[in-house]
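These notes are about the structure you will find just below.
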Amino acid sequence: MHQHARLASSFLVLGLLGGVGCGPGLEEPSVPEAVPQEQAPVAPSQDEGREVTAMSTTGISWNDFGKTTVQYIAECVTGPYNHTCSFCGTNTLYSAEYSQSGCTSINDIQHSCITCDREVHQKVVYAELPDGDVILAEIEHNITSPDVVEFRLNSASDVTWWKEVNIAGGGESWRVWNKDGSSWCNYPSPTTNNCDTNSQWAAIVRDPGTRFIFSKAKFLGIHTEMYSLGNLGDRLTGGDRVTFRWIRD
């Protein structure tokens, strides 16, 4: 039976930012005219004429997107007041205040350190990828034509340096990149400005050799490949859209 309702499965959903897509539309998806063996979309040109520097990427898995960890945070439960040098000097929670105080030793009774009473609380935070990045992923089903898979890249408002997601497989390479609040699928064509969505044949996406490559601007703005995601067929099938959100770098 034809299913009209959209099914959405999400690893960790941040509010959908919603961008202009270059891939197939939602109401009337643009389906490639031929099977993957015969025809594929025209490959995009290089961003700003700059190539991405190939390096040994770090392999990541679907479970790394939105992964969380627990941190222990010491928070003030009183206002600041004077503590003795002995109190600050023998309590690791107040080592910073002790080092900045006028205390000459923990036995100094002529001086004091200014701090507060603190309690340690647990805080759940996103676990960072090896280079300090946090990327979230959301998969929506039955969004586009069953012959293709869409992929989208969004960057948080405070993530302004160049970021790219590129799907490599079937002898082709398709990409989306963000920079300074804008996005492109085929720079410098003005028709792709603010395009944050691209697509690939579902059969190619699900091939074991196809991978998503995540790149970013590093020192001196050099575009560098950072992470590689394989086993795309474990989570993606025809008609899906996967949205990657780069929220920390």
Response to the item:
Note on region 99-109: residues open to solvent by 50 Å² or more (accessible area, probe 1.4 Å) and closer than 24 Å to residue 75 by Cα are 99, 100, 106
Response to the item:
Counted residues in region 115-129 being open to solvent by 40 Å² or more (accessible area, probe 1.4 Å) and without any contact (Cβ under 8 Å) to a residue 60 or more places away in the chain come to 8
Fill in: residue 204 being touching a residue at least 24 places away in the same chain (Cβ under 8 Å), in a helix (DSSP H, G or I) and touching a strand residue (DSSP E or B) at 6+ places or on another chain (Cβ under 7 Å)
yes
Item to complete: Six or more apart or on different chains, Cβ under 8 Å: which pairs go from a residue in region 50-62 that's modelled with pLDDT of 75 or more to one that's open to solvent by 60 Å² or more (accessible area, probe 1.4 Å) and not in a loop (DSSP other than H, G, I, E, B)? Could you list them?
Response: 62/234
Discussion item. Can you tell me which of (1) within 30 Å of residue 61 (Cβ to Cβ); (2) in contact with a Gly (Cβ under 7 Å, 6 or more places away or on another chain) is the one residue 106 doesn't meet?
Written reply: (1)
Worksheet entry | Subset of region 110-143 (residues that are out of contact with any helix residue (DSSP H, G or I) (no Cβ under 7 Å at 6 or more places or on another chain), more than 21 Å from residue 77 (Cβ to Cβ) and in a loop (DSSP other than H, G, I, E, B)) | 110, 127, 128, 130, 131, 132, 133, 141, 142, 143
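Considering 221, 209, 181, which residue is surrounded by fewer than 16 Cβ atoms within 10 Å (Cβ to Cβ), under 17 Å from the mean Cα position of the chain (by Cα) and of a type outside the set (A, V, I, L, M)? Give the steps one after another, and end with the answer.
On the way: 221 fails: under 17 Å from the mean Cα position of the chain (by Cα); 209 fails: under 17 Å from the mean Cα position of the chain (by Cα).
Within the list 221, 209, 181, the selection yields 181.
Among the residues of region 168-187, which ones are charged (D, E, K, R), part of a strand (DSSP E or B) and at pLDDT 90 or above? Talk me through it step by step, then tell me what you get.
Going residue by residue through region 168-187, those that are charged (D, E, K, R) are 172, 175, 179-180.
Cutting the leftovers down to part of a strand (DSSP E or B) gives us 172, 175, 179.
175, 179 - these are the residues of region 168-187 that are charged (D, E, K, R), part of a strand (DSSP E or B) and at pLDDT 90 or above.
Is region 237-244 home to any residue that is among the β-branched types (Val, Ile, Thr), outside any loop (DSSP other than H, G, I, E, B) and modelled with pLDDT of 95 or more? Quick ask: steps written out before the conclusion?
Filtering region 237-244 for residues among the β-branched types (Val, Ile, Thr) gives 237, 242-243.
Retained after the next criterion (residues that are outside any loop (DSSP other than H, G, I, E, B)): 242-243.
Checking the rest, the ones that are also modelled with pLDDT of 95 or more come to 242-243.
For region 237-244, residues among the β-branched types (Val, Ile, Thr), outside any loop (DSSP other than H, G, I, E, B) and modelled with pLDDT of 95 or more: present.
Which one is surrounded by the most Cβ atoms within 10 Å (Cβ to Cβ) among residues in region 158-177 that are of a type in the set (Gly, Ala, Ser) and in contact with a strand residue (DSSP E or B) (Cβ under 8 Å, 6 or more places away or on another chain)? Show your work before the answer.
Pass one, region 158-177, residues of a type in the set (Gly, Ala, Ser): 168-171, 173.
Adding the requirement that they be in contact with a strand residue (DSSP E or B) (Cβ under 8 Å, 6 or more places away or on another chain) leaves 168-170, 173.
Working: 168: 17, 169: 21, 170: 18, 173: 14.
Here the answer is 169.
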Item to complete: Evaluate region 65-82: report whether one residue or more is under 19 Å from residue 166 (Cβ atoms), among the hydrophobic types (A, V, I, L, M, F, W, C) and open to solvent by less than 50 Å² (accessible area, probe 1.4 Å).
Response: yes
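If you scan region 88-109, which residues turn out to be of a type in the set (A, V, I, L, M) and in a helix (DSSP H, G or I)? Break it down stepwise before answering.
At the first step, the residues of region 88-109 found to be of a type in the set (A, V, I, L, M) are 93, 96, 106, 109.
Across region 88-109, the qualifying residues are 93, 96.
Give me a count of the residues in region 105-114 that are touching a residue at least 12 places away in the same chain (Cβ under 8 Å) and more than 11 Å from residue 83 (Cα to Cα). Steps first, please.
The first filter runs over region 105-114 and keeps only residues touching a residue at least 12 places away in the same chain (Cβ under 8 Å), leaving 105-109, 111-114.
Adding the requirement that they be more than 11 Å from residue 83 (Cα to Cα) leaves 105-108.
Summing the residues that are touching a residue at least 12 places away in the same chain (Cβ under 8 Å) and more than 11 Å from residue 83 (Cα to Cα) in region 105-114 gives 4.
The values are calculated or read from the model by the stated rules, or taken from the named source; none is laboratory data. Only a predicted model underlies this, so the values are computations on that prediction, with no experimental measurement involved. Glycine also receives a Cβ, built like all others from the backbone with ideal geometry; neighbour counts cover every protein chain displayed. For accessibility, only protein heavy atoms count, side chains too; no ligands or nucleic acids. Shrake-Rupley method; radii C 1.70, N 1.55, O 1.52, S 1.80 Å.
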